[in-house]
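Here the structure is laid out as structure tokens; the discussion comes afterwards.
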Amino acid sequence: MPKLIRFVLLNSAFGVLIGWLVAAAVVYFNINGFGDLIWHSSSRTVAVFVLLVSFGSTFGFAVMATAVMLMPRDKDEFDKL
């Protein structure tokens, strides 16, 4: 796999993981009653799915975009990554 594609995928996966951890913290600590809202819902599976997809995609894109913007421009510096 080319190094640049691996770089983008790895940073996206790291961002998705961070997003899922933040979503889990929001539900666990019941911030603004969000945890109660999800656990007392009749369609709990859909609510958790939407929460994970939205947080995962948002944080995944943010981390990937930040990594690309901070990526070294010089080929020799990029090869050191």
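Taken together, the values in this text are just the output of simple stated rules run on the coordinates, not laboratory data. All figures in this text were calculated on a predicted structure; none of them were measured in a lab. Counting neighbours? That spans all protein chains shown, and the Cβs are built from the backbone with ideal geometry, glycine included.
As a summary of the residue check, Phe78 satisfies the conditions (1) assigned to a helix (DSSP H, G or I); (2) surrounded by 14 or more Cβ atoms within 10 Å (Cβ to Cβ); (3) touching a Phe, Trp or Tyr at 6+ places or on another chain (Cβ under 9 Å) except for the one numbered (2). When residues in segment 23-36 are screened for being on the phi < 0 side of the Ramachandran plot and surrounded by 13 or more Cβ atoms within 10 Å (Cβ to Cβ), 6 of them pass.
Is it the case, given these coordinates, that Val68 is loosely packed, with under 14 Cβ neighbours inside 10 Å, in contact (Cβ under 8 Å) with a residue 40 or more places away in the chain, under 16 Å from Phe7 (Cβ atoms) and of a type in the set (Val, Ile, Thr)?
Details: loosely packed, with under 14 Cβ neighbours inside 10 Å: yes; in contact (Cβ under 8 Å) with a residue 40 or more places away in the chain: yes; under 16 Å from Phe7 (Cβ atoms): yes; of a type in the set (Val, Ile, Thr): yes.
Spelling it out, Val68 is indeed loosely packed, with under 14 Cβ neighbours inside 10 Å, in contact (Cβ under 8 Å) with a residue 40 or more places away in the chain, under 16 Å from Phe7 (Cβ atoms) and of a type in the set (Val, Ile, Thr).
Rundown of residues vs (1) within 11 Å of the chain's Cα centre (by Cα); (2) in a helix (DSSP H, G or I); (3) among the hydroxyl-bearing types (Ser, Thr, Tyr); (4) loosely packed, with under 14 Cβ neighbours inside 10 Å, yes/no style:
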residue: Phe14; (1), (2), (3), (4): yes, yes, no, no
residue: Ile38; (1), (2), (3), (4): no, yes, no, no
residue: Ser41; (1), (2), (3), (4): no, no, yes, yes
residue: Leu52; (1), (2), (3), (4): yes, yes, no, no
residue: Ser57; (1), (2), (3), (4): yes, yes, yes, no
residue: Val63; (1), (2), (3), (4): yes, yes, no, no
